[in-house]
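Read-outs throughout are calculated quantities, based only on the coordinates presented, and are distinct from any laboratory measurement. As the structure is a computational prediction, the values presented were derived from the model and not from experiment. Heads up, the Cβs are rebuilt from the backbone with ideal geometry, glycines too, and the neighbour counts pull from every protein chain shown.
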Amino acid sequence: MPKIIDVQNVTKRFGNVLAVDDCSLSVEEGTITGLIGPNGAGKTTLFNMVAGAFPPTSGRILLGGEDVTGLKAHALFARGLLRTFQIAQDFSNMTALENLMLVPAGQSGESLFSACFRRGKVTAEEDETRRRADEVMQVIRLSHVKNERAGNLSGGQKKLLELGRVMMAKPRVVLLDEIAAGVNRTLLNDLAAVVQSLNREDGLTFFVIEHDMDLIARLCDPVIVMAAGSVMMQGPMSEIRNDPEVIEAYFGGAPAAGAH
Ligand SMILES: Nc1ncnc2c1ncn2[C@@H]1O[C@H](COP(=O)(O)OP(=O)(O)OP(=O)(O)O)[C@@H](O)[C@H]1O
């Protein structure tokens, strides 16, 4: 399978801190690839570079074979990469449905010219966006709260809404940051089901940082283990859980059956 994300010999220093150390890894198209490792391993720093938050100190990052090192998040989004975001403060006053309707880029409604002179076209596009947003609401199981202010939703519902925004945006690859944190089990099952369906039915690739080992085991193959800024091992969770080096370095010598 082709590599959709290809991190080549990437290093990131913050002053004297070597956060990512000559790290090479890749995410193959069509996978849900997990990224795990002990606190301070460099996972978030690596994600930040792949997502365009800041450039590496050295090394290259390719997206779909194209060198995108140092490109900003909006340029990466235009190339099909999306990182899930906390719902911005500004949007928390809008309804859940409106949050979905804001996502598609390049709507004619955004242009004053169109709004004034091409009302028919704008309305048709808005209708289509609303139809799609309603459809997505059903998939993410939030139809019953679609007219609630986004700020009033629970933590788990907000994460489902984030996945809804992903569905509206239709990217090729999604970076998911700790989706399980603070989410109850029922909603977590919904979240996992939505991620799996986006992967299997819509062909989206996911790159996932997660501390919930059960969720990683359920969703991800392969799983990449980072330690001290570089890759320690890569493989299916069943192998990783039983690898003595990983158990020692990551799980502190205890059996790796359960959580973090
Ligand atoms: N902006 C920064 N300035 C200085 N040091 C940083 C900065 N960001 C991260 N670091 C350091 O880089 C190292 C890697 O941190 P990072 O957050 O990437 O690890 P992580 O694997 O995501 O950890 P966690 O699982 O705890 O989130 C740590 O030593 C951290 O203190």
Looking only at Ala217, Ala78, Ala228, which one moves most when the chain is put into a Gaussian network model with springs between Cα atoms under 10 Å?
Ala78
With a 23 Å threshold on alpha-carbon distance, the violating pairs from Lys3/Lys72; Lys12/Lys159; Lys3/Lys158 are Lys12/Lys159; Lys3/Lys158
Could you work out the mean projected area of the convex hull around the alpha carbons of the stretch 1-97, in square nanometres to one decimal?
8.0
Within the stretch 1-93, which chymotrypsin sites (Phe, Trp or Tyr not before Pro) sit in a loop by DSSP and count at most 16 neighbouring Cβ atoms inside 10 Å?
Phe85
Which value in nm describes the separation of the simple spin-label points at Ser92 and Asp127, placed 7 Å from the Cα toward the beta carbon?
3.6
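By the gyration tensor of its Cα atoms, with a ≥ b ≥ c the square roots of the eigenvalues, what is the shape of the chain: rounded for a/c under 1.5, prolate for a/b over b/c, or oblate? Kindly include the intermediate steps, with their values, before the conclusion.
On the way: a/c = 2.24, a/b = 1.56, b/c = 1.44.
Cα axes put the chain in the prolate bin.
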What nm value, rounded to one decimal, do you get for the distance between Ala228 and Arg200 when each label is placed 7 Å out toward the C-beta?
4.0
Radius of gyration and maximum dimension Dmax of the stretch 126-260, Cα, Å
17.1, 57
The stretch 8-73-the stretch 187-227 distance, computed between alpha-carbon centres (Å):
19
With each pseudo-label sitting 7 Å past Cα toward Cβ, what's the Asp67-Asp21 distance in nm, one decimal?
2.7
The chain: angle of helix 119-139 to the longest principal axis, Cα-based, in degrees nearest 10:
40
Taking the stretch 177-251, which trypsin sites (Lys or Arg not before Pro) meet the DSSP loop condition and have no more than 16 other C-beta atoms within 10 Å?
none
